[in-house]
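Enquirer: Pasting a structure here, questions to come.
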Amino acid sequence: MPSIRKSTVLRLSVAGAILLAGMVAYPLARDSWQDLQSRRAQEREFVAADDLDQQAIVRALLIRELAMVVPCAPSVACPAPVIHFDRNTATLRPLSGAGPWTAYEVRSALPMRSLVDTGDASLPPPLRELLQRLVQRSAVNADPALPGIVYVSDPALLPPLGTPHACDGPRGPMLVRISRAAVQASQGMALALVVPTYCDRSGNTWVARLQRNGTQWQVVE
């Protein structure tokens, strides 16, 4: 029986080791590539609203606020408040934050739970998670240029809220802040945090759901 050289055995061993390593590494590399592609697809599908969409979303939400009637008593309607719209987006930040806009942030606290009902199967989790991230970032909304809306770009121009005489007069002031919207591109659906605050600092923070209609957005919830 012919003898096998040690060098041949070594080469065969190295080749076998390389083949085995390839067999192990290929599935891992394939899974990693698929995960990367999946993340990229999700990043394209769930996005922060661009400037044009954000302007249309803001206008739709403010038009809704303008159309609402504040009840005073049965069958009696109060005069509509003067609506001030903050150029800064609605954000949820620590109460200890300081700066020239601190007095502006009448509703600022870190979210302790999801802003949106996690049991709502009609809302994809990535869309909810994106909104949760967006409301913790500072951004700026453009002037909606709507009659009846006072666009405020300086905290010194904001009327006092929650002071003893803030609600004096027939039309008390009201502040509205709107977050940057989270958008699901393929479905034309968006979520935005809306923070209305009345002269006595009362209000009802809520998450609006909107649907794209051509170049416009409609509030559906």
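Enquirer: With respect to Leu130, is the statement that it is touching a Gly at 6+ places or on another chain (Cβ under 9 Å) and either under 23 Å from Val219 (Cα atoms) or at pLDDT 90 or above (or both) true?
Expert: Working: touching a Gly at 6+ places or on another chain (Cβ under 9 Å): no; either under 23 Å from Val219 (Cα atoms) or at pLDDT 90 or above (or both): yes.
So Leu130 does not fit the description; no.
Enquirer: Taking the range 176-221 as the region of interest, how many residues are among the hydroxyl-bearing types (Ser, Thr, Tyr) and either within 17 Å of Leu123 (Cβ to Cβ) or open to solvent by less than 10 Å² (accessible area, probe 1.4 Å) (or both)? I'd like the intermediate steps shown before the answer.
Expert: So the first thing to find is which residues in the range 176-221 are among the hydroxyl-bearing types (Ser, Thr, Tyr), and the list is 179, 186, 197-198, 202, 205, 215.
With either within 17 Å of Leu123 (Cβ to Cβ) or open to solvent by less than 10 Å² (accessible area, probe 1.4 Å) (or both) added as a condition, the list becomes 179, 186, 197.
Counting residues in the range 176-221 that are among the hydroxyl-bearing types (Ser, Thr, Tyr) and either within 17 Å of Leu123 (Cβ to Cβ) or open to solvent by less than 10 Å² (accessible area, probe 1.4 Å) (or both) gives 3.
Enquirer: Something else now. Take the conditions of a type in the set (Lys, Arg) and over 22 Å from the mean Cα position of the chain (by Cα) and apply them to Arg171. Does it pass? Full working, then the answer.
Expert: On the way: of a type in the set (Lys, Arg): yes; over 22 Å from the mean Cα position of the chain (by Cα): yes.
Considered against the rule, which asks whether it is of a type in the set (Lys, Arg) and over 22 Å from the mean Cα position of the chain (by Cα), Arg171 comes out as yes.
Enquirer: I'd like to know if the range 139-151 contains one or more residues that are open to solvent by 70 Å² or more (accessible area, probe 1.4 Å), within 21 Å of Ile63 (Cβ to Cβ) and not hydrophobic (A, V, I, L, M, F, W, C).
Expert: yes
Enquirer: Quick check: anything in the range 156-175 under 16 Å from Ala60 (Cβ atoms) and open to solvent by less than 60 Å² (accessible area, probe 1.4 Å)?
Expert: Filtering the range 156-175 for residues under 16 Å from Ala60 (Cβ atoms) gives none.
Checking the range 156-175: not a single residue is under 16 Å from Ala60 (Cβ atoms) and open to solvent by less than 60 Å² (accessible area, probe 1.4 Å).
The values are calculated or read from the model by the stated rules, or taken from the named source; none is laboratory data. The structure presented is a predicted model; accordingly, all values stated were derived computationally and were not measured. Heads up, the Cβs are rebuilt from the backbone with ideal geometry, glycines too, and the neighbour counts pull from every protein chain shown. With ligands, DNA and RNA removed, areas are computed over all heavy atoms of the protein, side chains included. Shrake-Rupley method; radii C 1.70, N 1.55, O 1.52, S 1.80 Å.
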